[in-house]
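J.: Can you read through this structure? Questions will come right after.
The values are calculated or read from the model by the stated rules, or taken from the named source; none is laboratory data. From a predicted model like this one, the values you see are computed outputs, not experimental measurements. Here the Cβ positions follow ideal geometry from the backbone for every residue, glycine too, while neighbour counts run over all protein chains shown.
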Ligand code: UDP
Ligand code: MG
């Protein structure tokens with residue numbers, strides 16, 4: 001019988017683990033789906049991992065691991081994919097904002113041959129205005145840069161074993177799970193769902209962390225900002241040709257003393273462009289530097305008993 005793994009990254013979610021495990025177990029056994037639940041505690045500072053241990057003791061379908069510190073949701077997802085042994089893997093949030101009722105539909109589509117089932121938000125749920133604005137801006141920028149509709153896509157997806165294998169073999173450290181499944185291709189189907197209210201606790205995203213996430217993902221998925229530097233250079237050159245002609249004409253006509261304002265403005269504008277360009281280039285160099293160091297995406301500190309001990313400690317995969 002085919003096995004379904006569900007990967008749930010969790011950061012400070014102690015109040016959600018037991019409920020998520022119970023809800024999913026109930027739903028999946030009701031639907032006669034053979035399953036395992038993989039909780040990854042992303043360096044939580046509360047009792048999240050204790051909750052995972054408890055859930056695992058009560059139900060052998062549950063397994064999990066704890067990172068040595070907070071590595072971010074992307075790392076959590078990839079650790080989960082690594083620990084998952086199922087023929088199909090679903091990634092979802094453990095705050096139950098991704099409705100579990102959709103899972104049987106995803107599973108059915110997979111059985112009918114889909115290799116990726118994308119969860120598409122038909123509404124974004126209730127969110128604060130500030131969050132809506134920053135998330136809105138974030139998705140606008142991302143959609144432009146990656147050339148796909150990011151507004152309604154989410155991390156809620158089902159992946160076939162083959163796709164999971166492809167993602168795990170990717171050499172890059174700086175991943176963007178949501179877009180990678182589009183990039184990978186494969187036979188893709190979609191299911192629509194309503195984003196639910198968060199059960200307990202608070203969203204982990206602040207305006208600043210969303211912006212950081214946006215910049216890091218934009219640069220890891222697109223070189224458009226670099227091309228922007230070229231465009232700015234071309235604009236400056238055109239501008240300077242016009243000014244050069246004007247200056248020369250004035251000089252030849254003997255009226256060239258004035259123009260101090262122009263000089264100051266030019267220095268400011270060009271200085272601004274230069275610094276911005278250097279910043280953008282610097283950002284890419286930082287990315288390259290991070291990738292070149294080749295550090296593991298995450299470090300697993302503890303696991304539940306039903307996880308092979310080989311995954312503990314620094315992350316090592318054969319052939320790396
Ligand atoms: N999460 C994580 N590491 C982090 C931040 C969040 O593993 O550094 C998990 C979190 O526990 C949740 C999911 O990612 O299961 C989505 O986070 P959250 O609910 O805070 O985001 P939102 O739903 O508000 O976009
Ligand atoms: Mg959430």
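J.: Would you say residue 63 is more than 18 Å from the chain's Cα centre (by Cα), under 23 Å from residue 297 (Cα atoms) and either modelled with pLDDT under 90 or away from ligand 2 (no atom under 16 Å from the Cβ) (or both)? If you could, list the steps in order and put the result at the bottom.
T.: Numbers: more than 18 Å from the chain's Cα centre (by Cα): yes; under 23 Å from residue 297 (Cα atoms): yes; either modelled with pLDDT under 90 or away from ligand 2 (no atom under 16 Å from the Cβ) (or both): yes.
Spelling it out, residue 63 is indeed more than 18 Å from the chain's Cα centre (by Cα), under 23 Å from residue 297 (Cα atoms) and either modelled with pLDDT under 90 or away from ligand 2 (no atom under 16 Å from the Cβ) (or both).
J.: Run residue 191 past the list (1) closer than 29 Å to residue 90 by Cβ; (2) within 16 Å of ligand 1 (Cβ to nearest atom); (3) surrounded by 12 or more Cβ atoms within 10 Å (Cβ to Cβ) and report the number of the one that doesn't hold.
T.: Of the numbered conditions (1) closer than 29 Å to residue 90 by Cβ; (2) within 16 Å of ligand 1 (Cβ to nearest atom); (3) surrounded by 12 or more Cβ atoms within 10 Å (Cβ to Cβ), the odd one out for residue 191 is (2).
J.: Consider segment 184-243. How many of its residues are within 16 Å of ligand 2 (Cβ to nearest atom), out of contact with any helix residue (DSSP H, G or I) (no Cβ under 6 Å at 6 or more places or on another chain) and closer than 30 Å to residue 271 by Cβ?
T.: The total comes to 1.
J.: Might you let me know whether segment 163-170 holds any residue that is loosely packed, with under 14 Cβ neighbours inside 10 Å and modelled with pLDDT under 85?
T.: Restricting attention to segment 163-170, the residues satisfying the condition of being loosely packed, with under 14 Cβ neighbours inside 10 Å are 165, 168-170.
Now drop any that are not modelled with pLDDT under 85, which leaves none.
No, segment 163-170 has no match at all.
J.: I need the strands (runs of 3 or more DSSP E) fully contained in segment 1-119, keeping only those with at least 2 residues that are over 23 Å from residue 175 (Cα atoms). Break it down stepwise before answering.
T.: On the way: elements: 3-10, 34-41, 62-67, 88-91.
Once the strands (runs of 3 or more DSSP E) in segment 1-119 are filtered for at least 2 residues that are over 23 Å from residue 175 (Cα atoms), what remains is 3-10, 34-41, 62-67.
J.: Within segment 1-34, how many residues are away from ligand 2 (no atom under 16 Å from the Cβ), surrounded by fewer than 21 Cβ atoms within 10 Å (Cβ to Cβ) and under 26 Å from residue 298 (Cα atoms)?
T.: Adding up the residues that qualify gives 2.
J.: Now for a separate question. When you look at residue 277, is it closer than 30 Å to residue 168 by Cα, in a helix (DSSP H, G or I) and out of contact with any strand residue (DSSP E or B) (no Cβ under 8 Å at 6 or more places or on another chain), yes or no? Write out each step before concluding.
T.: Working: closer than 30 Å to residue 168 by Cα: no; in a helix (DSSP H, G or I): yes; out of contact with any strand residue (DSSP E or B) (no Cβ under 8 Å at 6 or more places or on another chain): yes.
Against the criterion (closer than 30 Å to residue 168 by Cα, in a helix (DSSP H, G or I) and out of contact with any strand residue (DSSP E or B) (no Cβ under 8 Å at 6 or more places or on another chain)), residue 277 does not qualify.
J.: For segment 194-228, how many residues are farther than 17 Å from residue 144 by Cβ and either touching a residue at least 40 places away in the same chain (Cβ under 8 Å) or away from ligand 1 (no atom under 14 Å from the Cβ) (or both)? Break it down stepwise before answering.
T.: Just the residues of segment 194-228 that are farther than 17 Å from residue 144 by Cβ, to begin with: 194-209, 212.
Then keep just the ones that are either touching a residue at least 40 places away in the same chain (Cβ under 8 Å) or away from ligand 1 (no atom under 14 Å from the Cβ) (or both); that gives 194-201, 203-205, 207.
Result for segment 194-228: 12.
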